[in-house]
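The values are calculated or read from the model by the stated rules, or taken from the named source; none is laboratory data. Keep in mind the model is a prediction, meaning the values are calculated, not measured. Virtual Cβ from ideal backbone geometry, glycine too; neighbours counted across all protein chains shown. Note: accessible area is taken over every heavy atom of the protein model, side chains too, but ligands, DNA and RNA are not part of it. Shrake-Rupley method; radii C 1.70, N 1.55, O 1.52, S 1.80 Å.
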Amino acid sequence: MADPSSYRPSPGQIPDSPGVYKFRDEHRRVIYVGKAKNLRQRVANYFQDLAHLHPRTRTMVTTAASVEWTVVSTEVEALQLEYTWIKEFDPRFNVKYRDDKSYPYLAVTLNEEFPRVQVMRGAKKKGVRYFGPYGHAWAIRETVDLMLRVFPVRTCSAGVFKNAARTGRPCLLGYIDKCSAPCVGRVTPEEHRELAEDFCDFMAGRTGTYIRRLEKDMMQAAEEMEYERAARLRDDAGALKRAMEKSAVVLADATDADLIAVAEDELEAALQIFHVRGGRVRGQRGWVTDKVEAVDTAGLVEHALQQLYGEERGDAVPKEVLVPALPEDTAAVSQWLAERRGSQVSLRIPQRGDKKDLMATVQRNAQQALGLHKTKRASDLTTRSRALEEIAEALGLDAAPLRIECYDISHLQGDDVVASMVVFEDGLARKSEYRRFQIKGFEGQDDVRSMHEVIGRRFKRYLQEKERTGEWEQPPPVSGEAPHPAQSPLAPDPTQVPSAPGSAQVPSLPDSPQGVPAPATDATDPRDTDPRGDDGREDDGRPKRFAYPPQLVVVDGGQPQVAAARRALDELGIDGIAVCGLAKRLEEVWLPDDDDPVVLPRSSEGLYLLQRVRDEAHRFAITYQRSKRAKRIRSSPLDDVAGLGETRKQALIKHFGSVKKLRQATIEEICQVPGIGRRTAESVAAALAAAAPAAPAVNTATGEIMEEDDGGTS
């Protein structure tokens, strides 16, 4: 625990202008970002008597080791910079909202030549028009099905579209007039885009024009005694009306607004947002957060506005935002929203009428969401704290392990041996810091050696980061003696074969029967390297790969795996990191050098947390192992040809029909394929000649050897 007075700046150093400040921990990682109208007054508040600080603020300032600030010219710039830094540094003491589900949107891909209507989730893409979010994907599909009668826009995937264009036959929707079939040229790209834009206009709330136009055309068709056409137009108008009825009118003045409500207790907060467009509720979403900083309702609203509109532009920011409490800098936030929309935005608390009644409904939804979240969420803050305390007590740790790393080995009968590293901070998974490894130090199946290699590689990278930042200095070896691995973790073993430039070394295993050293890094796996490298820059606070040590290392396995992990740490001279293993059979917790396991009660929250960490490591490892195995199974002799990309490989297979026929072709015949020169043709022929042909297929019913007719592998 740091003493805030050790890094407190003198009052004269801090400017009294607007700005943004950052607190960093001892590893130079940014742990909190804040903004202020007056930096001197705001930052000074953090360095008063600890007894007068809020408990969460007290935890933050005692975790921090330094503070720095950046001066800006206006409060709006401070708001924007604060949002940017929170998104970039992901500080642990800032409020971060987590969506309680992934919400589906109705999306129109206006960035394509032939726009497509589809359901989309996740991050928004440039050039795509979004409507929603909706509570359920089926609600979107029902609405789209009704609207395709009037706006027959393409809904098929790229593969279906290309296949229809190739065969000259549209899909089923094209035959039943729910698609204008641009794939076969029934409409021009311009006509189809006009349909898509009309679809967007209707979804945006401009509904009256289209319904009146349909009714007018219906009456005209009836007068001209075109009764079949009049009936179709009547049904089209009815379909649009049913689509509109799916969202009831809540505000009679066709208002475009977002309503935000907050339900909170001492530890957590839940937000609900209703998106009202054209007076109708078009979507709803909810967020939950731990109150890791001392923040009131106004602060929660400000953080919600930053997250909700930080990436939005134009009409995605509504004309009106109704909130339960105004942010401290209401004028600055309103100006920031107006800049993102491009016109004035009203940020206010509803006082009377329909808007106040609707806000009460949103508030009830927020209260229900908070209650449901607290009953369903197994990793609730109180439970997580109790779990970490139980683990610390059972393992004899001095403090609760706030950062836990778990490792698992996965393979299929000794092939495709890989490992995973998952990270839990404060009892929650931190997926951005997950890592995966390929085992390269030896061939075959040996979980103990694999665990030793992975732990050595991970913590060798940690020592390299410490050496780069000057936090660790290599002690000199005893005169006349070669440095022991524990004295010089980064020194190469003289018995090892030199590795490729840029790769580090790890000592060979003392009990290795083959004496094959394990490489410190896996240059073929980008997840096991730091893409930024060592460029001499000061650490800027961004999350680094392998840069932060855990308080507890958990391995999936029993006593042998735990001993291997402990030995790897000892060889690197690292102490102060606890190691344990969780055996699957009886869920026993094994500690180094202990003959008997630690048995936690089945109802223990600590055991439940260890199980979740172990199961997540197993899931992550087996997913990686399966992807590697699938890639290996799909491999082709053409993969080994240098400079031959996927496009030219497909061209070769399409030209000859199969790898077998390509293998029988001459170099001159290969050169006839567009894009294939003589040098590439010679490389292809050499690679296929060196690769052994696949065993012939056999009909198991008759025993007959079948002719090969593959499409791309052999």
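Residues of the stretch 551-561 that are at negative phi, outside any strand (DSSP E or B) and out of contact with any Leu (no Cβ under 7 Å at 6 or more places or on another chain): 558, 559, 560, 561. If you go through the stretch 565-581 one residue at a time, do you hit one that is open to solvent by 20 Å² or more (accessible area, probe 1.4 Å), in contact with a helix residue (DSSP H, G or I) (Cβ under 7 Å, 6 or more places away or on another chain), of a type in the set (A, V, I, L, M) and at pLDDT 90 or above? Looking for residues that are open to solvent by 20 Å² or more (accessible area, probe 1.4 Å), in contact with a helix residue (DSSP H, G or I) (Cβ under 7 Å, 6 or more places away or on another chain), of a type in the set (A, V, I, L, M) and at pLDDT 90 or above, one finds at least one in the stretch 565-581, hence yes.
Looking across the stretch 296-307 at every residue that is of a type outside the set (Ser, Thr, Tyr) and surrounded by fewer than 20 Cβ atoms within 10 Å (Cβ to Cβ), the one that is nearest to residue 56 (Cα to Cα) is identified as 296.
Of a type in the set (S, T, N, Q) and at pLDDT 90 or above: which single residue out of 207, 188 fits that description? Unique residue meeting the criteria: 188.
Residue-by-condition table, conditions (1) among the hydrophobic types (A, V, I, L, M, F, W, C); (2) part of a helix (DSSP H, G or I); (3) free of Cβ contacts under 8 Å to residues at least 24 places away in the same chain:
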site	(1), (2), (3)
274	yes, no, no
299	no, yes, no
306	no, yes, no
350	no, no, no
356	no, yes, yes
363	no, yes, no
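Determine if the stretch 299-318 includes at least one residue that is farther than 16 Å from residue 79 by Cβ and touching a Leu at 6+ places or on another chain (Cβ under 8 Å). No, because not a single residue in the stretch 299-318 is farther than 16 Å from residue 79 by Cβ and touching a Leu at 6+ places or on another chain (Cβ under 8 Å). Within the stretch 183-197, the set of residues being out of contact with any Leu (no Cβ under 9 Å at 6 or more places or on another chain) and open to solvent by less than 30 Å² (accessible area, probe 1.4 Å) comprises 183, 192. Taking the stretch 670-690 only, how many residues are assigned to a helix (DSSP H, G or I) and open to solvent by 80 Å² or more (accessible area, probe 1.4 Å)? Residues flagged as assigned to a helix (DSSP H, G or I) and open to solvent by 80 Å² or more (accessible area, probe 1.4 Å) within the stretch 670-690 amount to 5. Take the conditions in contact (Cβ under 8 Å) with a residue 60 or more places away in the chain and assigned to a loop (DSSP other than H, G, I, E, B) and apply them to residue 548. Does it pass? Yes; evaluated as a whole, the condition is true for this residue.
In a residue-by-residue description of the stretch 437-460, the property of being open to solvent by 30 Å² or more (accessible area, probe 1.4 Å), under 27 Å from residue 88 (Cα atoms) and at pLDDT 85 or above applies to no position.
Every listed requirement among (1) under 18 Å from residue 293 (Cα atoms); (2) open to solvent by 40 Å² or more (accessible area, probe 1.4 Å); (3) touching a residue at least 60 places away in the same chain (Cβ under 8 Å) is met by residue 74 save one, (1).
Picking from residues in the stretch 29-53 that are in a loop (DSSP other than H, G, I, E, B) and over 16 Å from residue 3 (Cα atoms), the one that is nearest to the chain's Cα centre (by Cα) is 29. Between 24, 8, which is among the charged types (D, E, K, R), open to solvent by 20 Å² or more (accessible area, probe 1.4 Å) and either at pLDDT 85 or above or on the phi > 0 side of the Ramachandran plot (or both)? The match here is 8. Within the stretch 308-323, the residues that satisfy the criterion of being part of a strand (DSSP E or B) and buried (at least 20 other Cβ atoms within 10 Å of the Cβ) are 321, 322. Right, residue 170: under 28 Å from residue 278 (Cα atoms), modelled with pLDDT of 85 or more and crowded, with 17+ Cβ neighbours inside 10 Å or not? The answer is no for residue 170. Which one of these is of a type in the set (Asp, Glu), under 13 Å from residue 151 (Cα atoms) and touching a residue at least 40 places away in the same chain (Cβ under 8 Å): 198, 177? On inspection, the qualifying residue turns out to be 198. Considering every residue within the stretch 391-405, establish whether at least one is farther than 17 Å from residue 605 by Cα, part of a strand (DSSP E or B) and open to solvent by less than 20 Å² (accessible area, probe 1.4 Å). Yes, there is a match, as at least one residue in the stretch 391-405 is farther than 17 Å from residue 605 by Cα, part of a strand (DSSP E or B) and open to solvent by less than 20 Å² (accessible area, probe 1.4 Å). Scanning the stretch 419-466 for residues that are part of a strand (DSSP E or B), more than 22 Å from residue 388 (Cβ to Cβ) and charged (D, E, K, R) yields 435, 436.
Evaluation of residue 151 against the conditions (1) modelled with pLDDT of 90 or more; (2) within 19 Å of residue 130 (Cβ to Cβ); (3) open to solvent by less than 30 Å² (accessible area, probe 1.4 Å) shows that the sole unmet condition is (1). Residues in the stretch 564-614 that are under 20 Å from residue 458 (Cα atoms), part of a helix (DSSP H, G or I) and free of Cβ contacts under 8 Å to residues at least 40 places away in the same chain: 566 alone. Suppose the filter is open to solvent by 50 Å² or more (accessible area, probe 1.4 Å), assigned to a loop (DSSP other than H, G, I, E, B) and among the acidic types (Asp, Glu); does residue 112 pass it? So residue 112 fits the description; yes.
Of all residues being of a type in the set (A, V, I, L, M, F, W, C) and touching a helix residue (DSSP H, G or I) at 6+ places or on another chain (Cβ under 6 Å) in the stretch 173-182, which is surrounded by the most Cβ atoms within 10 Å (Cβ to Cβ)? Just the residue, please. Within the stretch 173-182, the match that is surrounded by the most Cβ atoms within 10 Å (Cβ to Cβ) is 179. Test residue 68 against the stated conditions and say whether it is among the charged types (D, E, K, R), in a strand (DSSP E or B) and over 24 Å from residue 399 (Cβ atoms). For residue 68, the condition - among the charged types (D, E, K, R), in a strand (DSSP E or B) and over 24 Å from residue 399 (Cβ atoms) - is met. Among the residues of the stretch 645-659, the ones that are small (Gly, Ala, Ser) and assigned to a helix (DSSP H, G or I) come to 1 in all.
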